[in-house]
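Please read the structure below before turning to the comments.
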């Protein structure tokens, strides 16, 4: 099925993006990402040790000719911090792609809608390919699309919670109105939840903790790959309509009867 994901003019065969945080080891990180088949990898720029160039950091573990790096502004509480981190990311990675996160409060890690909008406006004006992380807010999603963001990334539930998709109705609203890819980000715990949002029409998902903290991260990465593929194929295939009563799957005419024997 020739069905690429297109973001910022680039085509990707995988609709699973993955993160590099919370892995128990760099070896598990690499093996799980390889097993996932993901082509877009997000990296928290503020959490890299850029002062010690003799020590390997996350960037050194991947062949960036094979992957699209997606630096993110994780850890930024204000617009100013997010803008500074995006500038640093461009300098360090040479990429204009940025996953925009403005999260002021550690208690719940919910994105700041006003700060996200303000930062996105400046970064789009500066030529960045902006992928903003937001609550599942259809109004904000439309405003960010109008600004020129390359995607919108509504949360399924709070970051790292594994609570699954608690915002499905709102995500469906965003999908219905959007002309840019909708990437469900945060809270997914198992592949069936990724499949669910792809079935609903989301274009992709971003998964980190559910893979990184699994008992077998490589196996879970592969499982998410299959879940995403199944969900997308189901969406393209088109599900049957729901009915209030049962409908026989076998034909009701031409059936052999005992009387005819």
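The values are calculated or read from the model by the stated rules, or taken from the named source; none is laboratory data. Small disclaimer: the values here were computed from a predicted structure and weren't measured. With ideal geometry, Cβ positions are generated from the backbone for all residues, glycine too; neighbour counts draw on all protein chains shown.
Structural remarks
- Yes/no for residue 66 being at pLDDT below 95, over 29 Å from residue 189 (Cβ atoms) and surrounded by fewer than 17 Cβ atoms within 10 Å (Cβ to Cβ): no
- The listed residue being surrounded by fewer than 16 Cβ atoms within 10 Å (Cβ to Cβ), in a helix (DSSP H, G or I) and more than 15 Å from the chain's Cα centre (by Cα), out of 34, 28, 55: 34
- Across region 122-140, the number of residues qualifying as touching a strand residue (DSSP E or B) at 6+ places or on another chain (Cβ under 9 Å) and under 19 Å from residue 97 (Cβ atoms) comes to 9.
- Check on residue 119, assigned to a helix (DSSP H, G or I), in contact (Cβ under 8 Å) with a residue 12 or more places away in the chain, surrounded by 16 or more Cβ atoms within 10 Å (Cβ to Cβ) and in contact with a helix residue (DSSP H, G or I) (Cβ under 7 Å, 6 or more places away or on another chain): yes
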